[in-house]
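The values are calculated or read from the model by the stated rules, or taken from the named source; none is laboratory data. Please read these numbers as outputs of a predicted model, since none were measured by experiment. In this analysis, Cβ positions are derived from the backbone assuming ideal geometry, glycine residues included, and neighbour counts consider all displayed protein chains.
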Amino acid sequence: MNLLIPVCVFLPMLAAVLVYIICKRSFSAANTFACCFTAVIFVCTILLALFGENSSFVLSDFCMMGISFSFSGFKAILAILCAFGFMLSIFSSHSYFSGSANNARYFAFTLFTFGATMGVFLSDDLFTTYIFFEMMSLASWVWVAQTETVSAAQVSRAYLAYSIIGGLALLMGLVLINTALDGVLSFDQIASAAAQTSQKELLFAGGIFLFAGFGIKAGAFPLHTWLPNAHPIAPAPASALLSGILTKAGVFGLIIGATRIFYQNTTYAMILLVSGTITMLLGALTALFAINLKRALAGSSLSQIGFILVGLSMLTFGKDTAYAAGGVILHIINHALIKLVLFISAGAFYKNYHTIDLNKLRGTGRSNSLLAVCFTVAAAAISGIPMLSGYISKTLIHEAIVENIHIASASMHDILSVVEILFIIAGGFTLAYMCKLIYKLFIQKPLSAQSKPLKLDCGTSLAITLPAVLLILCGILPNLTYEKLAVFASQSLNAEAFSAHYFSLTNLQGALYSILIGIVLFILVRLLLIDKKGDLKTFTFPISLEKHIYSSVINALSFLGALIARVFYSTIDFLIHIISLIVFFHDPYRVPAMTDDHFGRYTKKYVRAGRIDQTLAFELLLFGIGVAIVLIYLVVI
């Protein structure tokens, strides 16, 4: 069974080459191959769950430090979820991409991303996590750039920039943690090493960089600004994976930091709590005011990540962890299943009507009862309606907050009490924006221009039906389904097994508060945001974190860096010029532009002959020196 782990990680990367070749000849054959292949990998994860629990695989000589994998605890659940998500996304791809350009590229990078994401979820040390996290981030960039429109080019550049910045932050965090823990990066040993290290400040600094790197991919505030823009631009099957699966790779890293390195660290727990609370509310507001279907779903994803981070913060406090651990892992599962349904449904709307504008899509879902039922089930589940799975995970997180309130100090008691209120309010916002979507898509009368019936192919129907059925089944029978998964993952999350009374009056009362708030908010939406013609009014936030703050800071830093570099450059150039005058008693010979045979000259002005520092050769030389220094450093440590 150990060999099934490298099959799940490396075989999709090899299959990416094969599917590219196949798709160049036949799109249908490539889609069939991809569907069968992802189904096989999903079966492999099920076999590992049934017969290969605690399986492991190690490549000791890879990149000198070696990479290691294991199939155990919450990592096993995430690996199965990943395989299931990619399989359903591929199932829906035939209809969505039929007749589109660059399909070979999409299938190839999707399978490569599949393998890299499996590598993240099955990794057994931070170095392995970093290697595959970087591969996943760079490969998934192609999804955002897939359509090659002007908007796609702009957003994909931002996504790539965030991915590179996140990768650099992770690398810095990895180096600091590796130094603080004397080279211990294994998940099994890192907790004890963190408890015993004398370099607490260095370790915490590494943890901050780790939070930045993983938080960017998760979409945690204030590192979230790429998410609402990237999801609407990417093709719907890819958006389902970006939202439902790839954000969980970021959450995976945050879980490792919370449960292995900074467990019971109040400061780190407060960082997660503040970030999660703001993310939860900010995402809900984004979804509430959006008139673009996929942007509304992207805002919803942002909000649900906030719910998960709040639960993770309760787990990090380490006081009462059973409900928190269960709520975190179950809400990860729920969010992935729900977003598969919602984003694939959005893809069906786009494929049939070539728009995701809610005002143009009004009432178009009325013609397809299967789509209406599945979308409504997913919307109700994410809103925390009882008898659906979302209610189960949100109830556990809410109970975790309440339990921590009872045992917290006086100052923390007040903070957590406020968080509980905001948690319930955010749940109300979730119901409000989901009611808005259901009203616009399935209740309003359609426009005459969009009166043709909405059709679903078999693959898309299967891709939205299977998760919807699971959402209902696990919501009705939580003790036989979800609770067993939570108990299975509890030990790997530093928690104990538990048994909850999900449908007690106390828990139902908390859900009822959110439902009432949601109903009131939806009424306000009907009154304030929908005009007499039934169209949503356009609303834009006056302040954009990315536009007004991040861009200004980056521009200022770029100017400052360029100024410092120019001063140093001019100073050195001036000194060389003075020395040349002293030694040779004349001004160095200058050559006109385009007459020097140096390759890659960067200026058209008159320059002194032989200036290698203005050529590509000089830049490549510096790059080579930098690589050599890094390699020597890795060998020495």
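Can you list the helices (runs of 4 or more DSSP H) lying wholly within region 367-447 that have 3 or more residues being modelled with pLDDT of 90 or more and surrounded by fewer than 21 Cβ atoms within 10 Å (Cβ to Cβ)?
369-382, 410-438
Do we have Ser300 as in a helix (DSSP H, G or I), farther than 22 Å from Thr117 by Cβ and within 19 Å of the chain's Cα centre (by Cα) here?
It is false that Ser300 is in a helix (DSSP H, G or I), farther than 22 Å from Thr117 by Cβ and within 19 Å of the chain's Cα centre (by Cα).
Are any residues in region 150-192 within 27 Å of Arg105 (Cα to Cα) and without any contact (Cβ under 8 Å) to a residue 60 or more places away in the chain, and if so, which ones?
Those that are within 27 Å of Arg105 (Cα to Cα) and without any contact (Cβ under 8 Å) to a residue 60 or more places away in the chain: Val150, Ala153, Gln154, Arg157, Leu160, Ala161, Ser163, Ile164, Ile165, Gly166, Gly167, Leu168.
Output yes when any residue across region 49-56 is in contact with a Pro (Cβ under 7 Å, 6 or more places away or on another chain) and assigned to a helix (DSSP H, G or I), and no when none is.
Checking region 49-56: not a single residue is in contact with a Pro (Cβ under 7 Å, 6 or more places away or on another chain) and assigned to a helix (DSSP H, G or I).
Would a scan of region 310-320 turn up a residue that is outside the structural domain of Tyr96 (by TED's automatic domain parsing), in a helix (DSSP H, G or I) and surrounded by fewer than 24 Cβ atoms within 10 Å (Cβ to Cβ)?
Scanning region 310-320, I find no residue that is outside the structural domain of Tyr96 (by TED's automatic domain parsing), in a helix (DSSP H, G or I) and surrounded by fewer than 24 Cβ atoms within 10 Å (Cβ to Cβ), so the answer is no.
From Lys294, Lys248, Lys339, grab the single residue that is farther than 24 Å from Thr129 by Cβ and either surrounded by fewer than 24 Cβ atoms within 10 Å (Cβ to Cβ) or among the basic types (Lys, Arg) (or both).
Lys294
Please verify whether Lys351 is of a type in the set (Lys, Arg), closer than 24 Å to Asn229 by Cα and buried (at least 24 other Cβ atoms within 10 Å of the Cβ), treating the condition exactly as stated.
no
How many residues, within region 218-240, are within 19 Å of Ile338 (Cα to Cα) and touching a Lys or Arg at 6+ places or on another chain (Cβ under 9 Å)?
Looking only at that region, the number is 8.
Table: residues versus (1) under 22 Å from Gly253 (Cα atoms); (2) of a type in the set (D, E, K, R).
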{"position": "Phe51", "(1), (2)": "no, no"}
{"position": "Val58", "(1), (2)": "yes, no"}
{"position": "Asp61", "(1), (2)": "no, yes"}
{"position": "Phe69", "(1), (2)": "yes, no"}
{"position": "Ala79", "(1), (2)": "yes, no"}
{"position": "Ala83", "(1), (2)": "yes, no"}
{"position": "Ala101", "(1), (2)": "no, no"}
{"position": "Arg105", "(1), (2)": "no, yes"}
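Can you name the residue in region 495-510 that is closer than 19 Å to Gly384 by Cβ and either of a type in the set (A, V, I, L, M, F, W, C) or not in a loop (DSSP other than H, G, I, E, B) (or both) and, of all such residues, is modelled with the lowest pLDDT?
Result: Ala500.
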